[in-house]
Amino acid sequence: MERFGFIGGRLLQAIPVVLGVTIVSFFILRLIPGDPVLVMLGTHYTPQRAAQLRANLGLDKAVWEQYYLFMRHLVQGNLGDSVYYRIPVGHLVWQRLPVTLWLAAYSTVIAIVISVPLATLSALRRNRVADQATRTIFLLAFAMPPFWIGLVLILVFSLHWHLLPISGYGSNVPDHLYNLFLPSLTIALGFAAILIRTLRNSILNVLDADYLDTARAKGLSQFRILRRHVLRNALLSGVTVIGVNLSYLIGSTVVIENVFALPGLGQLLASSIFTRDLSVVQGITLVFGLGVVATNLLTDVTYAALDPRVSYD
Amino acid sequence: MTEIAAGVTPHRRAPRSWAVWRGRIPLYIGIGLIAAVVVAALLAPVIAPFDPTAQDILNTLASPGTGKHLLGTDQFGRDVLSRLLYAGRIDLLIAFGATAVTLTFGTLFGLVSGYYGGRIDAVMMRFVDLVFAFPFIVLVLAIIAILGPGLRNMFIAIWIVSWVPYARLVRGEVLVAKRQEYVMAARALDYGSPRIMVGHILPNVITPPLVYSMLDAVSNVGIGAALGFLGLGVQDPTAEWGKMIADSQSFMATNWWLPTAPGVAIAILGLGLSLVGDNLADRLRAKG
């Protein structure tokens with residue numbers, strides 16, 4: 001019963017943020033210096049298209065009426081039309097979304113596969129060679145910009161060894177896993193740098209806990225203690241770290257999609273800035289914002305499900 | 001180790017042992033790396049062998065060490081070493097210029113929010129939550145979409161977005177600090193709120209945001225370089241490390257050193273800042 005109270009409270013808390021996200025996105029088109037319609041249409045300007053766009057955005061109305069119109073369209077799933085592609089922004093986003101979701105999910109999985117064993121090793125061999133080496137390597141990974149790591153990986157794995165493709169997305173699941181490996185690895189390396197640091201610290205904290213003395217006193221095997229007592233507790237903090245840094249992860253996909261020429265939302269965002277296709281920029285900003293709010297919500301709920309002590313405050 | 005003696009003989013410190021020095025080696029390496037980049041960038045007009053924008057059309061894509069070009073030339077025949085040195089000025093400007101503003105504003109925002117508390121705090125923190133709801137780079141790109149590409153607008157975009165972590169961090173510290181006795185004493189003396197906030201609380205909460213600013217500088221350089229890479233930051237012919245990497249992308253199969261040189265430069269600066277930030281953070285944790 002209390003669990004539902006927590007989830008309900010957390011949902012209520014998200015409402016003002018969701019409204020804020022829509023307001024920020026709404027103002028992207030309204031803050032353009034000069035006449036937004038002229039800027040948006042650019043070389044595509046015709047009197048009819050201008051009049052149509054003006055009516056669609058409700059630019060002759062008061063700001064709050066424009067916002068009401070924007071929200072009404074949004075609820076109907078209408079994000080406006082792309083000036084450049086001449087199709088609804090919603091369709092464009094829908095086409096591109098799977099690539100970005102694949103990339104985000106794949107890189108999270110790779111980051112976890114890298115971090116959990118290395119962080120455990122690092123914590124168990126605290127301040128010894130394995131620990132120092134792991135920390136140094138991932139400090140470097142954190143200091144290097146992800147797009148450059150991506151280029152180096154392309155240089156080594158694609159151009160030198162011809163093992164993996166430079167770009168492309170593929171059309172079925174095995175293809176995706178093959179084509180997206182390098183870009184996902186690129187993002188995962190930067191992400192793992194953050195994960196390993198936090199996981200190592202929380203494993204160290206657990207190693208000092210009294211219940212481990214109990215476990216050792218019971219004569220449990222080293223492996224069993226590690227799996228059942230240490231990792232299970234330390235991974236709880238891992239869930240939070242992943243949630244907190246999701247926005248970093250999504251941010252990386254934006255740049256990395258451009259390095260590997262992947263047809264995702266990030267690549268569409270960058271190219272839309274060049275073509276001055278601002279309704280697309282608006283739509284993508286909105287989708288990213290709502291995505292982050294939703295995943296944060298999901299993290300908190302997962303955390304509450306894993307840890308019975310959590311209560312809403 | 002100095003705490004015990006501090007109350008009795010404030011100006012006499014215990015001699016530092018080798019173990020203490022050894023523990024600080026990463027910190028000194030970090031400071032050394034940052035200093036090296038700063039000196040190289042400051043001295044760019046003196047030590048750069050060529051004008052960073054001068055094109056040597058007969059000598060494009062030269063390999064490192066050929067002729068007078070130590071690190072070779074790019075596709076326009078511009079000297080890579082000279083461009084690297086001048087680009088350092090832009091990237092350092094981003095590291096320190098962007099970060100100084102966000103550190104100051106975010107800290108003051110958090111200070112006011114935490115000190116006054118109540119409804120003011122609630123409103124101010126919802127604002128912070130809102131900026132946090134977007135991935136940083138997405139919001140920066142949206143602002144650049146509105147204002148247009150370029151170095152100045154890139155600074156504006158970073159300023160608008162990346163102050164929020166400081167606000168959250170400082171607010172948390174202030175919530176603890178304002179219940180301390182020295183604040184009550186200052187209140188009892190009838191000092192005004194601005195005086196208590198800036199004169200008494202600020203010096204006691206400033207260390208965590210200062211430490212965080214090192215890691216923030218790494219991320220700001222990353223954002224600046226990423227924008228340069230996407231062609232939305234610094235514009236031609238000005239050199240910037242991220243832009244140099246982007247420009248060389250088409251030639252990297254044959255001229256691998258072209259993207260490598262600026263990449264190593266970013267990594268050196270980033271590593272220096274991370275080492276300093278990490279070790280200062282460790283020392284803080286050890287004290288706390």
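The values are calculated or read from the model by the stated rules, or taken from the named source; none is laboratory data. Please read all numbers here as calculations on a predicted model, not as lab measurements. For neighbour counting, all protein chains shown are included, and Cβ atoms are generated from backbone atoms with ideal geometry for every residue, glycine included.
Odds and ends about this structure:
- Filter result for residue A:303 (among the aromatic types (Phe, Trp, Tyr), in a loop (DSSP other than H, G, I, E, B) and at pLDDT below 80): no
- Residues of the range B:248-288 that are in a helix (DSSP H, G or I), more than 21 Å from residue B:213 (Cα to Cα) and more than 24 Å from the chain's Cα centre (by Cα): B:248, B:249, B:250, B:251, B:257, B:258.
- Remark: residue B:149 matches the filter, which requires a residue to be in contact (Cβ under 8 Å) with a residue 40 or more places away in the chain, in contact with a Gly (Cβ under 9 Å, 6 or more places away or on another chain) and not in a helix (DSSP H, G or I).
- Any hit, the range B:97-105, residues being of a type in the set (S, T, N, Q) and over 15 Å from the mean Cα position of the chain (by Cα): no
- Residue, surrounded by the most Cβ atoms within 10 Å (Cβ to Cβ), within the range B:273-282, restricted to residues that are touching a residue at least 12 places away in the same chain (Cβ under 8 Å) and more than 8 Å from every other protein chain (Cβ to nearest Cβ): B:276
For every residue, the table says whether it meets (1) touching a strand residue (DSSP E or B) at 6+ places or on another chain (Cβ under 8 Å); (2) surrounded by 19 or more Cβ atoms within 10 Å (Cβ to Cβ); (3) in a helix (DSSP H, G or I); (4) not assigned by TED's automatic domain parsing to the domain that holds residue A:112.
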{"residue": "A:148", "(1), (2), (3), (4)": "no, yes, yes, no"}
{"residue": "A:153", "(1), (2), (3), (4)": "no, yes, yes, no"}
{"residue": "A:158", "(1), (2), (3), (4)": "no, no, yes, no"}
{"residue": "A:164", "(1), (2), (3), (4)": "no, no, no, no"}
{"residue": "A:167", "(1), (2), (3), (4)": "no, no, no, no"}
{"residue": "A:174", "(1), (2), (3), (4)": "no, no, yes, no"}
{"residue": "A:202", "(1), (2), (3), (4)": "no, yes, yes, no"}
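- Within the range B:214-259, the set of residues being of a type in the set (S, T, N, Q) and either facing chain A (nearest Cβ under 10 Å) or in contact with a Gly (Cβ under 8 Å, 6 or more places away or on another chain) (or both) comprises B:219, B:235, B:248, B:249, B:254, B:255.
- The set of residues from the range B:79-132 being on the phi > 0 side of the Ramachandran plot and without any contact (Cβ under 8 Å) to a residue 40 or more places away in the chain comprises just one member, B:118.
- Where a residue in the range B:260-272 is within 13 Å of residue A:147 (Cα to Cα) and facing chain A (nearest Cβ under 7 Å) and its partner, wherever it lies, is part of a helix (DSSP H, G or I) and among the small types (Gly, Ala, Ser), with Cβ under 6 Å and at least six apart: B:266/B:225; B:267/A:143
- Selection from the range B:181-197 of residues that are touching a residue at least 12 places away in the same chain (Cβ under 8 Å) and either closer than 21 Å to residue B:109 by Cβ or among the hydrophobic types (A, V, I, L, M, F, W, C) (or both): B:183, B:186, B:193, B:196, B:197
- Residue within the range B:93-102 that is within 14 Å of chain A (Cβ to nearest Cβ) and under 20 Å from residue B:178 (Cβ atoms) present: no
- Exclusive hit being over 23 Å from residue A:189 (Cα atoms), in contact with a strand residue (DSSP E or B) (Cβ under 9 Å, 6 or more places away or on another chain) and not hydrophobic (A, V, I, L, M, F, W, C), set A:80, A:90, A:58: A:80
- Residue A:115, sole failed condition from (1) assigned to a helix (DSSP H, G or I); (2) among the polar types (S, T, N, Q); (3) not assigned by TED's automatic domain parsing to the domain that holds residue A:245: (3)
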